[in-house]
């Protein structure tokens with residue numbers, strides 16, 4: 001059974017748009033940039049959540065629901081790597097750490113750090129979407 005990918009596609013597209021707009025406004029009004037960075041962080045949070053949940057669903061449907069049930073995030077990413085959904089487990093752990101930081105603290109340094117991580121996350125999330133789409137049967 002094919003997975004419904006619309007929510008993941010929309011989340012990645014929103015992150016891509018927010019990063020593009022922030023890049024276009026670079027060097028502009030600092031208040032505007034702070035608002036744009038906050039928007040990128042929010043879109044990163046949503047896209048990250050959609051990605052790992054879709055990877056989990058794909059593994060449940062194509063590998064084994066029992067093997068995926070109750071595993072840690074690191075183990076989930078290892079399973080994704082073993083099944084060629086991602087290339088870099090440690091990179092995905094960095095994304096996970098950044099996502100956790102956004103939900104527990106809000107300060108300028110965290111926003112700036114996550115903004116940087118979001119830029120690296122975009123191509124990784126697009127790659128996951130591409131791989132799942134290619135194997136979504």
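All of the numbers you see were taken from the coordinates with simple rules; none came from a lab. All values derive from a computational prediction rather than experimental measurement. Positions of Cβ are generated from backbone atoms using ideal geometry, with glycine treated the same way; all protein chains shown enter the neighbour counts.
Provide the gained length on full extension for the span residue 119 to residue 61, in nm with one decimal, where the gain is 0.36 nm per separating residue minus the Cα-Cα distance.
On the way: separation 58, 0.36 × 58 = 20.88 nm, distance 2.98 nm.
Length difference between fully extended and current span is 17.9 nm.
Using alpha carbon centroids, what distance separates the range 87-137 and the range 37-56, in Å?
About 7 Å separates the Cα centre of the range 87-137 from the one of the range 37-56.
Between residue 107 and residue 29, how high is the FRET efficiency from 1/(1 + (r/R0)^6) when r is the Cβ-Cβ distance and R₀ = 30 Å? Nearest 0.05. Mind dumping the intermediate values first?
Working: r = 20 Å, r/R0 = 0.68.
So, using R0 = 30 Å, E works out to roughly 0.90.
Connecting C-alpha atoms closer than 10 Å in a GNM of the chain, tell me which of 40, 71, 117 has the biggest fluctuation.
For the chain, modelled as a Gaussian network with Cα springs under 10 Å, the answer is 71.
I want to verify a result. In a Gaussian network model of the chain, Cα cutoff 10 Å, which of these has the top mean-square fluctuation: 19, 32, 76?
Taking springs between Cα atoms under 10 Å, the residue moving most is 32.
For the pair residue 46/residue 13, report the inter-label distance in nm, with labels modelled 7 Å from Cα in the Cβ direction.
Rounded to a tenth, the inter-label distance reads 1.2 nm.
Figure the gain on full extension for residue 69 and residue 38 (residue separation times 0.36 nm, minus the Cα-Cα span) and round it to one decimal in nm. Don't skip to the answer; put the middle values down first.
Details: separation 31, 0.36 × 31 = 11.16 nm, distance 3.31 nm.
This chain segment gains 7.8 nm when fully extended.
Pick from 69, 127, 113 the residue whose mean-square fluctuation is largest in a GNM of the chain, springs joining Cα atoms under 10 Å.
Its mean-square fluctuation being the largest, the pick is 69.
Residue separation times 0.36 nm, minus the C-alpha to C-alpha distance between residue 88 and residue 100: what's the value? Display every interim value, and only then the final one.
Working: separation 12, 0.36 × 12 = 4.32 nm, distance 1.87 nm.
So the extension gain works out to 2.4 nm.
Quick one: 109, 45, 67, fewest Cβ neighbours within 10 Å first, how do they rank?
Numbers: 109 9, 45 18, 67 12.
In increasing order of surrounding Cβ atoms, one gets 109, 67, 45.
Name the residues of the range 33-59 whose amide N is less than 17 Å from a point 7 angstrom out from the Cα of residue 1 along the C-beta direction?
What the label zone holds, given the 17 Å backbone N cut-off, is 54-59.
Looking at the calculated P(r) for the range 6-134, what percent of the C-alpha pair distances fall above 16 Å? Walk me through the numbers before you get to the answer.
On the way: 5045 of 8256 pairs.
Percent of Cα pairs beyond 16 Å in the range 6-134: 61.
Per-residue ellipticity at 222 nm for the chain, helices alone: DSSP H runs ≥ 4 residues times -39500 (n - 2.57), over residue total, nearest 500 deg cm²/dmol? Numbers along the way, then the final one.
Details: 6 runs with 106 residues, N = 137.
Helix contribution divided over all residues of the chain: -26000 deg cm²/dmol.
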